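J.: This is the structure I want to talk about, given as structure tokens.
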Amino acid sequence: MKKRSAKKLPSSPTSLRCRSLSVAIGKEPIVRCVSLVVRRGETHVLMGPNGSGKSTLAGALMGLPQYRITSGSILLGNKSLTKLPAEKRASEGLFLAFQNPPVLPGVSVLSLLNHAQSVGGNRLPKSDLKSYAATLKTAASRLGIEQSFLTRSLNEGFSGGEKKKSEILQLLMLKPSFAFLDEIDSGLDIDALKVCLHALREHQIEYNAGFVFVTHNPSLLRYVDPSYVHIMIRGRIVRTGSKDLMDLVADKGFAPFLKP
Ligand code: ADP
Ligand code: MG
């Protein structure tokens with residue numbers, strides 16, 4: 001791979017952290033006292049059995065309204081995000097690729113990206129629109145996305161793989177500092193997964209982004225080289241370690257992490 005220096009803005013925060021974060025859905029406590037630090041350029045993998053609270057943690061960090069933070073804090077550099085709505089967190093450089101991307105009838109990928117660009121205070125001057133469209137075309141073809149797809153209603157009738165590709169396309173265009181990729185490996189066939197992960201890795205190197213892959217599937221290890229692996233059981237991170245933890249999960253499942 002060609003080596004490139006990271007495109008880092010001088011003021012861009014170097015870490016995203018949550019401290020003793022607890023999250024409820026309605027009255028039900030789901031995430032319990034989780035602390036996590038993700039630095040720019042790092043790759044984390046958050047693993048755990050179904051229903052352990054991985055998506056809840058990712059959604060709460062992104063600020064999705066259905067997740068209620070009951071205690072703890074979220075910091076981007078020195079700035080607190082804890083009380084900011086999702087769109088503010090997005091313009092501060094956070095991104096979530098949804099496990100189940102929502103259907104938005106009447107809103108295309110193209111119009112969503114144009115809107116996100118202007119909400120972020122980066123409305124493009126007319127002179128730049130052409131080059132933006134060209135960049136979008138290039139990113140789409142890099143992921144094997146047909147041009148006609150860009151003007152279809154977002155996720156309406158999309159296959160599982162198309163939904164995931166569309167999430168990744170949005171990431172490539174919005175260039176977040178920190179991104180959560182929730183079950184990005186589900187729905188994509190093996191060839192598409194390789195293409196997408198390759199594009200993500202190149203992008204991560206170029207922009208020095210911090211990525212958190214959320215998955216229950218240890219086979220992702222074949223394609224992702226994590227700096228840290230976290231195991232989440234019943235809403236708590238019970239172990240943090242190197243990629244050896246993924247090997248252990250591949251071998252023995254989550255049983256070694258479950259308390260009797
Ligand atoms: P994971 O991503 O690890 O599979 P989730 O964060 O999706 O787990 O879910 C954690 C728990 O929260 C599960 O028991 C799930 O049933 C519950 N949960 C998720 N969404 C809701 C909801 N909208 N209302 C009530 N419970 C929910
Ligand atoms: Mg999930």
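J.: Which number in (1) more than 30 Å from S71 (Cβ to Cβ); (2) assigned to a loop (DSSP other than H, G, I, E, B) marks the one condition that E206 misses?
T.: (2)
J.: Name the residues in the range 236-260 that are surrounded by fewer than 22 Cβ atoms within 10 Å (Cβ to Cβ) and assigned to a helix (DSSP H, G or I), would you?
T.: D244, D247, L248, A250, D251, K252, A255, P256, F257
J.: With the requirement that a residue be at pLDDT below 90 and under 22 Å from A209 (Cβ atoms), what does the range 94-113 give you?
T.: Once the filter is applied, which keeps residues that are at pLDDT below 90 and under 22 Å from A209 (Cβ atoms), the range 94-113 yields V109, L112, L113.
J.: Please work out which residue is farthest from ligand 2 (Cβ to nearest atom), limiting yourself to the range 76-92 and to residues that are of a type in the set (S, T, N, Q) and either open to solvent by 50 Å² or more (accessible area, probe 1.4 Å) or assigned to a strand (DSSP E or B) (or both).
T.: Checked the range 76-92; the qualifying residue farthest from ligand 2 (Cβ to nearest atom) is N78.
J.: Please enumerate the residues belonging to the range 55-75 that are open to solvent by 10 Å² or more (accessible area, probe 1.4 Å), within 11 Å of ligand 2 (Cβ to nearest atom) and either out of contact with any Asp or Glu (no Cβ under 9 Å at 6 or more places or on another chain) or among the basic types (K, R) (or both).
T.: Hit for the range 55-75 is T56, nothing else.
J.: Report, by residue number, each residue of the range 1-39 that is closer than 11 Å to S177 by Cα, modelled with pLDDT of 95 or more and among the basic types (K, R).
T.: R39
J.: Could you list, in sequence order, all residues of the range 47-62 that are among the small types (G, A, S) and under 13 Å from the mean Cα position of the chain (by Cα)?
T.: S55, A58, G59, A60
J.: Can you tell me which residues in the range 195-218 are small (G, A, S) and surrounded by 21 or more Cβ atoms within 10 Å (Cβ to Cβ)?
T.: A209, G210
J.: Here is a follow-up. Within the range 188-219, how many residues are within 16 Å of ligand 1 (Cβ to nearest atom) and either at pLDDT below 95 or of a type in the set (K, R) (or both)?
T.: 4
J.: Can you find a residue that is hydroxyl-bearing (S, T, Y), farther than 22 Å from A250 by Cβ and in a helix (DSSP H, G or I) anywhere in the range 217-226?
T.: No, the range 217-226 contains no residue that is hydroxyl-bearing (S, T, Y), farther than 22 Å from A250 by Cβ and in a helix (DSSP H, G or I).
J.: Right, here's the next one. Can you name every residue in the range 219-235 that is in contact with a strand residue (DSSP E or B) (Cβ under 7 Å, 6 or more places away or on another chain) and surrounded by 15 or more Cβ atoms within 10 Å (Cβ to Cβ)?
T.: L220, V224, P226, S227, Y228, V229, H230, I231, M232, G235
J.: Pairs please, first residue from the range 173-193 and outside any loop (DSSP other than H, G, I, E, B), second anywhere and among the charged types (D, E, K, R) and modelled with pLDDT under 95, Cβ atoms under 6 Å, 6+ apart in sequence or on different chains.
T.: L193/D185
J.: Also, I was wondering about something else. Assess whether Q170 counts as being surrounded by fewer than 23 Cβ atoms within 10 Å (Cβ to Cβ), part of a helix (DSSP H, G or I) and in contact with a strand residue (DSSP E or B) (Cβ under 7 Å, 6 or more places away or on another chain).
T.: No.
The values are calculated or read from the model by the stated rules, or taken from the named source; none is laboratory data. For clarity, every value in this text was computed on a predicted model and none was experimentally measured. Positions of Cβ are generated from backbone atoms using ideal geometry, with glycine treated the same way; all protein chains shown enter the neighbour counts. These accessible areas exclude ligands, DNA and RNA; they are computed on the full protein's heavy atoms, side chains included. Shrake-Rupley method; radii C 1.70, N 1.55, O 1.52, S 1.80 Å.
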